1. Within the stretch A:44-52, can one find any residue that is acidic (Asp, Glu), at pLDDT below 95, in a helix (DSSP H, G or I) and closer than 26 Å to A:Val184 by Cα?
2. Would the stretch B:102-114 turn up any residue that is out of contact with any Leu (no Cβ under 6 Å at 6 or more places or on another chain), part of a loop (DSSP other than H, G, I, E, B) and under 25 Å from B:Gly166 (Cα atoms)?
3. Would it be correct to say that A:Ile288 is under 29 Å from the mean Cα position of the chain (by Cα), over 27 Å from B:Gln189 (Cα atoms), facing chain B (nearest Cβ under 9 Å) and at pLDDT 85 or above?
4. Among the listed residues A:Ala93, A:Ala105, identify the single one that is under 24 Å from B:Thr217 (Cα atoms), more than 11 Å from chain B (Cβ to nearest Cβ) and either surrounded by fewer than 19 Cβ atoms within 10 Å (Cβ to Cβ) or touching a helix residue (DSSP H, G or I) at 6+ places or on another chain (Cβ under 7 Å) (or both).
5. Exactly one condition in (1) more than 7 Å from chain A (Cβ to nearest Cβ); (2) at pLDDT below 90; (3) at negative phi is false for B:Gly267; which is it?
6. Yes or no: A:Ile231 assigned to a helix (DSSP H, G or I), more than 8 Å from every other protein chain (Cβ to nearest Cβ), closer than 30 Å to A:Asp91 by Cα and under 18 Å from the mean Cα position of the chain (by Cα)?
7. Scan the stretch A:69-84 residue by residue and report those that are under 20 Å from A:Pro146 (Cβ atoms) and of a type outside the set (D, E, K, R).
8. Quick one: which of B:Phe142, B:Phe137 is within 11 Å of chain A (Cβ to nearest Cβ), within 25 Å of B:Val239 (Cβ to Cβ) and part of a loop (DSSP other than H, G, I, E, B)?
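The values are calculated or read from the model by the stated rules, or taken from the named source; none is laboratory data. Just so it is clear, the model here is predicted, and its values are computed rather than measured. So basically every Cβ, Gly included, is an ideal-geometry build from the backbone, and we count neighbours across all protein chains shown.
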2 protein chains.
Amino acid sequence: MTALVPSPVRIIGTGLIGGSLGLALVRAGVDVQVEDASPGTAALAVELGVGELPGEDAPDPALVLVAAPPDVAAMLVDRALRSWPRALVADVASVKSTVLDGLRARARAEDLPRYIGAHPMAGREVSGVIAARADLFQGRPFVIVPHADTDPRALGVLRGLAAEIGSVATTLDAPSHDIAVAHVSHVPQVLSSLLAATLIDPDEAALGLAGQGLRDTTRIADSDPRLWVEILGANAGAVSEVLGGVRERLEEVMAALETLQGDPDPGTGSRRALADLVATGNRGVRRIPGKHGGATDAWSVVVVLLPDRPGELARLLTDIGQIGVNLEDLRLEHELGRGVGLAHVSIDAAREDLLTRELADRGWKVADA
Amino acid sequence: MTALVPSPVRIIGTGLIGGSLGLALVRAGVDVQVEDASPGTAALAVELGVGELPGEDAPDPALVLVAAPPDVAAMLVDRALRSWPRALVADVASVKSTVLDGLRARARAEDLPRYIGAHPMAGREVSGVIAARADLFQGRPFVIVPHADTDPRALGVLRGLAAEIGSVATTLDAPSHDIAVAHVSHVPQVLSSLLAATLIDPDEAALGLAGQGLRDTTRIADSDPRLWVEILGANAGAVSEVLGGVRERLEEVMAALETLQGDPDPGTGSRRALADLVATGNRGVRRIPGKHGGATDAWSVVVVLLPDRPGELARLLTDIGQIGVNLEDLRLEHELGRGVGLAHVSIDAAREDLLTRELADRGWKVADA
């Protein structure tokens with residue numbers, strides 16, 4: 001059915017990530033077998049179309065994907081390597097060094113070349129197979145994490161898997177992966193949770209003043225504690241290192257605030273510490289690729305001026321449909337005071353020129369994004 | 001022209017906030033006079049429609065709005081109180097206790113009843129009059145901050161002003177206001193900047209893994225350092241107090257991570273500290289009013305199931321237009337794996353029942369938000 005991924009694929013652990021991998025692979029025509037520590041979860045996964053329960057006489061898997069928390073992934077990978085001596089085995093846990101270390105401690109040396117780590121980078125605040133989506137990985141990074149003994153063939157198979165589910169493959173070794181995700185995912189989670197934890201104190205009148213800034217900075221704080229205990233525990237070293245820098249800078253900021261509190265004009269040192277904080281943050285945030293939050297590399301954003309009259313947005317979307325371009329996302333910015341709005345239209349990057357030209361031909365004003 | 005706000009209004013300081021107030025008031029038919037420490041900025045403000053430069057024979061203002069940083073606001077308010085002995089004078093700085101304290105230290109006692117504090121809560125990452133928008137305050141909180149000697153008439157005038165610019169007025173005393181904004185605005189800014197500051201270290205490959213979580217949590221880190229030095233300095237006491245709690249919890253988290261790093265299974269204490277962090281954050285974030293980020297109290301969100309076919313969104317928006325309901329915001333959630341999408345339609349809360357009923361009549365499936 002497909003040339004990119006060998007069949008059958010066995011998915012072990014049908015939560016959000018395992019379930020979404022199954023949906024994407026089934027849609028691509030791959031034979032998917034599912035198993036889960038909970039038979040109820042496995043049955044639900046089958047019902048949702050994630051794959052089939054393997055019978056007694058099911059063929060051995062060619063590729064096994066272990067989608068389990070980091071603390072049990074090494075054990076499950078080892079079991080799979082021993083059970084199916086010809087299969088490639090990958091885990092998709094979000095921390096890689098602890099899985100590799102655990103595996104080196106328990107696996108037979110001759111099995112190790114068939115193991116490769118992977119981390120399809122996607123997630124939602126909701127969890128479980130019920131939240132699984134076939135397009136969860138579309139346009140998202142897929143980190144392939146080989147180790148010194150990995151069979152090069154495994155690298156090719158995972159590249160094919162990444163392409164099949166619409167992800168963008170990149171390769172990192174385990175320590176580099178773990179420090180990278182500490183930076184882009186684990187430390188942001190800790191700081192968002194720390195911030196949200198301060199909100200249990202203020203009264204309702206205070207919270208009524210909350211704006212979009214607070215909502216954005218705390219959105220990911222609404223995450224599963226059990227999942228994050230496993231992730232933070234498994235990546236404790238890298239997370240600690242980055243948090244050490246945060247603590248140091250926080251001490252500086254608090255010292256500056258204390259000085260300013262006693263004396264509103266204590267010379268420039270205290271003010272400079274605060275300005276440094278914000279200015280360094282400016283430099284950091286500008287290093288994040290992609291200037292429009294929602295867009296990945298595979299998308300472009302076309303900004304169209306929208307006269308502030310009823311029906312203009314519907315007319316724009318009708319035109320986009322007639323041009324034959326698929327709308328991936330849409331964000332509206334009102335500038336009512338100026339009598340116009342801006343529609344930020346996210347589309348496949350390859351169609352940007354076409355859409356821009358055709359919209360201009362139809363009289364729309366297309367702005368520089 | 002308008003019954004809600006006395007004319008003329010003098011706006012002192014034409015940055016983002018002063019400029020936006022001017023645009024909104026001019027649109028409401030109020031005579032607006034502008035002045036700014038920089039003549040070039042004032043001239044630009046006039047060109048953008050914020051108001052007029054007062055000539056020699058201009059009438060005295062009935063209301064003065066001082067839109068300047070907290071460190072100069074008290075001085076400018078005092079000057080206005082002395083210059084126009086019949087005018088009400090309000091400042092719109094984002095910290096209130098330092099302005100009030102500064103004013104009590106310098107103003108004549110008989111002038112104080114004509115002063116009242118205000119804080120229209122809105123902002124953008126961009127600053128300056130060029131970013132000003134007449135609708136900046138629409139649907140946003142407008143905190144009125146009277147002091148013990150404030151003339152009750154001033155309270156009524158500011159309520160009228162809030163209504164005129166489309167804001168939702170609430171009243172708080174200065175210390176309550178300052179602790180509230182420390183929680184919902186100043187501490188989020190510090191933590192977002194601390195997080196963004198960690199991003200100057202990792203290499204580009206690591207930053208390429210950034211997802212929406214990192215983008216959301218660092219969006220407000222792209223703010224003006226000069227502005228934030230003034231705000232944090234002026235609210236140093238309240239910000240320090242909240243940050244003290246953050247530091248304490250950060251110490252606990254780092255101790256737990258250190259223990260887990262040495263010993264992946266050190267009993268439950270360390271894991272419990274991490275679970276507590278995330279679970280407390282869950283409780284905090286759920287206290288923020290309005291479960292859909294973009295919506296204020298004045299808006300409702302209606303969620304409509306969208307068959308995954310071209311043209312469905314355009315058809316939905318055409319129907320909404322025909323029903324006669326104004327679309328305030330629109331967010332799309334794709335669930336392509338399931339063959340449907342969800343359109344989150346933000347509208348005036350008062351029109352929710354109408355829209356829900358009419359959409360259902362036209363065959364749309366409306367979900368519970």
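1. no
2. Checked against the condition, which is being out of contact with any Leu (no Cβ under 6 Å at 6 or more places or on another chain), part of a loop (DSSP other than H, G, I, E, B) and under 25 Å from B:Gly166 (Cα atoms), the stretch B:102-114 yields no hits at all.
3. When the stated conditions are applied, A:Ile288 does not pass them.
4. A:Ala93
5. (3)
6. Spelling it out, A:Ile231 is indeed assigned to a helix (DSSP H, G or I), more than 8 Å from every other protein chain (Cβ to nearest Cβ), closer than 30 Å to A:Asp91 by Cα and under 18 Å from the mean Cα position of the chain (by Cα).
7. Listed by number, the residues that qualify are A:Pro70, A:Ala73, A:Ala74, A:Leu76, A:Val77, A:Ala80, A:Leu81, A:Trp84.
8. Of the residues listed, the single one that is within 11 Å of chain A (Cβ to nearest Cβ), within 25 Å of B:Val239 (Cβ to Cβ) and part of a loop (DSSP other than H, G, I, E, B) is B:Phe137.
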